[in-house]
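I have placed the structure first, in the form of structure tokens, so that the comments after it can refer back to it.
The values are calculated or read from the model by the stated rules, or taken from the named source; none is laboratory data. What you are looking at is a predicted structure, and each value in this text was computed from that prediction instead of being measured. Note that each Cβ is placed from the backbone with ideal geometry, even for glycine, and that neighbours are counted across all protein chains shown.
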Amino acid sequence: MNNTPSTTAVSSCHQQIARSRRVNHVLGVVVGDLLVGLSFGWWVLKHNRHHAKPNHEGHDPDIAGAALAFSARQAEERTDAFGRFMARYQAWLFFPMLTLEGLQLHVASTKSLLTGGPRRYRSTEITLMGLHFLGYLGGVFWVLSPVQALAFIAVHQAVFGVYMGCSFAPNHKGMPIIGEGEELDFLRRQVLTSRNVAGGVFTDVLLGGLNYQVEHHLFPSMPRPNLRRAQPIVREYCRQHRILYTETSLIGSYVAALRHLNSFRPAARVPARAAR
């Protein structure tokens with residue numbers, strides 16, 4: 001399995017493919033909704049908010065804390081037993097939870113479309129997503145028995161979720177979190193919260209150019225093949241201005257992300273009766 005359709009949809013979101021904004025949008029809708037089964041309009045709104053203020057509490061939807069706690073405040077705000085259990089062991093649960101990420105993306109984007117989400121191309125998106133699910137489910141159940149079809153869908157969506165999650169996790173997970181009341185200038189906000197992944201051609205192909213995350217956040221509309229050419233310039237500029245420029249290996253990025261998630265372990269609450 002590869003993430004080429006997903007990468008194409010993301011590139012369209014950033015106006016990286018064609019000179020015309022309309023062409024990029026049409027391409028994004030066709031690839032995102034029809035081929036991937038994700039609402040392109042929903043992704044654009046969500047991803048633009050992330051790019052505006054990455055890793056900024058209260059602003060970045062990618063660290064909203066619904067499933068994972070990305071800060072000590074988010075961990076301590078969980079008062080129910082299940083939420084505190086999740087926050088306590090989330091580093092161990094991170095990769096298993098990625099098997100559900102694909103399903104979560106499909107559900108969230110579909111819900112957004114059906115409940116008054118992005119209006120632009122809405123009817124077109126609903127039609128194309130309907131054709132996607134009709135073709136996907138219809139094709140699988142046409143050639144496989146019901147049990148085999150359900151098993152295939154479960155494995156396929158789990159692999160899709162893990163691959164997507166492992167492609168995006170190295171970018172910001174484990175990098176500094178900006179508190180709600182804090183403000184940074186554009187350059188520091190984008191550089192200090194982003195991480196590049198070294199590895200040459202291998203990571204270029206595996207991560208689809210997302211491994212140049214610092215450059216991507218500084219120049220989001222830059223075509224991905226040019227990001228590696230901009231890297232030496234950006235890195236040297238950051239060195240001259242004493243701005244921390246983070247780059248690590250792929251494995252190192254996962255280790256950093258897991259250490260970050262493991263650092264928020266809320267203490268077990270003392271039962272009210274015992275506290276007396």
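Look at the range 70-89 and say how many of its residues are part of a loop (DSSP other than H, G, I, E, B) and farther than 18 Å from Phe168 by Cβ. Show your work before the answer.
Within the range 70-89, the subset part of a loop (DSSP other than H, G, I, E, B) is 70-71, 77-80.
Filter again for farther than 18 Å from Phe168 by Cβ, leaving 71, 77-80.
Adding up the residues that qualify gives 5.
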Filter the range 90-109 for residues that are touching a helix residue (DSSP H, G or I) at 6+ places or on another chain (Cβ under 6 Å), part of a helix (DSSP H, G or I) and under 16 Å from Val155 (Cβ atoms) and give the result. Leu98, Glu101, Gly102, Leu103
Scanning the range 112-146 for residues that are touching a Gly at 6+ places or on another chain (Cβ under 7 Å), surrounded by fewer than 16 Cβ atoms within 10 Å (Cβ to Cβ) and part of a loop (DSSP other than H, G, I, E, B) gives Arg120
Looking only at residues that are farther than 18 Å from Phe186 by Cβ and in contact with a Pro (Cβ under 7 Å, 6 or more places away or on another chain) in the range 211-253, which one is surrounded by the most Cβ atoms within 10 Å (Cβ to Cβ)? Ser253
Just to be sure I understand, how many residues within the range 199-240 are free of Cβ contacts under 8 Å to residues at least 40 places away in the same chain, in a loop (DSSP other than H, G, I, E, B) and more than 20 Å from Cys166 (Cα to Cα)? 1
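For the subset of the range 65-111 comprising residues that are under 30 Å from Phe133 (Cα atoms) and loosely packed, with under 14 Cβ neighbours inside 10 Å, which member is modelled with the lowest pLDDT? Break it down stepwise before answering.
Of the range 65-111, the ones under 30 Å from Phe133 (Cα atoms) are 65-68, 93-111.
From what's left, loosely packed, with under 14 Cβ neighbours inside 10 Å: 66, 96, 107, 111.
On the way: Ala66: 72, Pro96: 95, Val107: 92, Lys111: 90.
Ranking the candidates gives Ala66 first.
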For the range 241-267, which residues satisfy the criterion of being of a type outside the set (A, V, I, L, M, F, W, C) and in a loop (DSSP other than H, G, I, E, B)? His241, Arg242, Tyr245, Thr246, Ser249, Ser263, Arg265, Pro266
